[in-house]
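These notes are about the structure you will find just below.
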Amino acid sequence: GDVFHVTPYEWVDLTTYDVANQSDMYEASSATMNGTDYSDSIIGNYYYNTPSHIEYNLDHQCRALRGTFGLDDDSETDAQGTLNVLADGTSVFTQSYTVPHTSHESMSLNNAFKLRIEATDDTPDLVAKPTIGTPQVHCYQ
């Protein structure tokens, strides 16, 4: 008969993992970017030049991260924010955004122990809320 090989890795919502530590970056049941709602999202701060972050301990179990990156629609016109993803302290993705621009991204986490996501507001006096819509990690189950 046919043999079916089931991969032990599955895509799971990042927000199902416990937050190890955070500063001005938080999980949200939903976020909206370019008019589209994203469940189980992560939203960063809106203080100029004060990076916010959130960290998860992935225990070397996760190969990749994917999600929709951009600024939440609550951000101001012309505001710019930057998202930076680090795996065990090494940046694996960084990109700046303005409303309503988003991008769907997937990046290797190299089975890191610790995942850190950083957000900055790059525009003085303008509110930017860097967001990852429905981030998922590809993890060993």
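Out of Leu65, Leu58, which single residue is in contact with a Pro (Cβ under 9 Å, 6 or more places away or on another chain), farther than 20 Å from Asp24 by Cβ and in contact (Cβ under 8 Å) with a residue 24 or more places away in the chain?
Details: Leu58 fails: in contact with a Pro (Cβ under 9 Å, 6 or more places away or on another chain).
Answer to the check: Leu65.
Selection of region 87-141 for residues being loosely packed, with under 15 Cβ neighbours inside 10 Å, of a type in the set (S, T, N, Q) and over 21 Å from Thr15 (Cα atoms) yields only Thr90.
Return the only residue of Asn34, Asn45, Asn49, Asn57 being open to solvent by 20 Å² or more (accessible area, probe 1.4 Å) and in contact with a Lys or Arg (Cβ under 9 Å, 6 or more places away or on another chain).
Numbers: Asn34 fails: in contact with a Lys or Arg (Cβ under 9 Å, 6 or more places away or on another chain); Asn45 fails: open to solvent by 20 Å² or more (accessible area, probe 1.4 Å); Asn49 fails: in contact with a Lys or Arg (Cβ under 9 Å, 6 or more places away or on another chain).
From the options Asn34, Asn45, Asn49, Asn57, the qualifying one is Asn57.
Please give the strands (runs of 3 or more DSSP E) falling wholly within region 41-92 in which 1 or more residues are of a type in the set (Phe, Trp, Tyr) and at pLDDT 95 or above. Reasoning before the result, please.
Details: elements: 52-57, 62-71, 80-87.
Where strands (runs of 3 or more DSSP E) fall fully within region 41-92 and carry at least 1 residues being of a type in the set (Phe, Trp, Tyr) and at pLDDT 95 or above, they are 52-57, 62-71.
Right, Arg116: assigned to a strand (DSSP E or B), of a type in the set (Lys, Arg) and within 22 Å of Gly35 (Cα to Cα) or not? Break it down stepwise before answering.
Numbers: assigned to a strand (DSSP E or B): yes; of a type in the set (Lys, Arg): yes; within 22 Å of Gly35 (Cα to Cα): no.
No: the conditions fail for Arg116.
Looking across region 68-86, just one residue is farther than 18 Å from Ser30 by Cβ, of a type in the set (Ser, Thr, Tyr) and crowded, with 16+ Cβ neighbours inside 10 Å, and that is Thr82. In this entry, Leu83 passes the filter for residues that are without any contact (Cβ under 8 Å) to a residue 60 or more places away in the chain, touching a Phe, Trp or Tyr at 6+ places or on another chain (Cβ under 7 Å) and of a type in the set (A, V, I, L, M). Residue-level check: of (1) farther than 20 Å from Glu10 by Cα; (2) open to solvent by less than 20 Å² (accessible area, probe 1.4 Å), Leu65 misses just (1). Applying the condition of being under 24 Å from Thr77 (Cα atoms) and among the aliphatic types (A, V, I, L, M) to region 16-31 and asking which residue is surrounded by the most Cβ atoms within 10 Å (Cβ to Cβ) yields Ala31. Set side by side, the residues Ser23, Ser52 differ, and just one is touching an Asp or Glu at 6+ places or on another chain (Cβ under 7 Å) and either under 21 Å from Leu115 (Cα atoms) or of a type in the set (S, T, N, Q) (or both), which is Ser52. Within region 59-68, one or more residues are closer than 15 Å to Pro135 by Cβ and among the hydroxyl-bearing types (Ser, Thr, Tyr). Every listed requirement among (1) exposed (fewer than 13 other Cβ atoms within 10 Å of the Cβ); (2) among the acidic types (Asp, Glu); (3) at pLDDT 95 or above is met by Asp13 save one, (1).
The values are calculated or read from the model by the stated rules, or taken from the named source; none is laboratory data. Source: prediction; values computed, not measured. Note: ideal-geometry Cβ built from the backbone for every residue, glycine included; neighbour counts use all protein chains shown. What goes into the accessible areas is simple: the full protein's heavy atoms, side chains included, and nothing from ligands, DNA or RNA. Shrake-Rupley method; radii C 1.70, N 1.55, O 1.52, S 1.80 Å.
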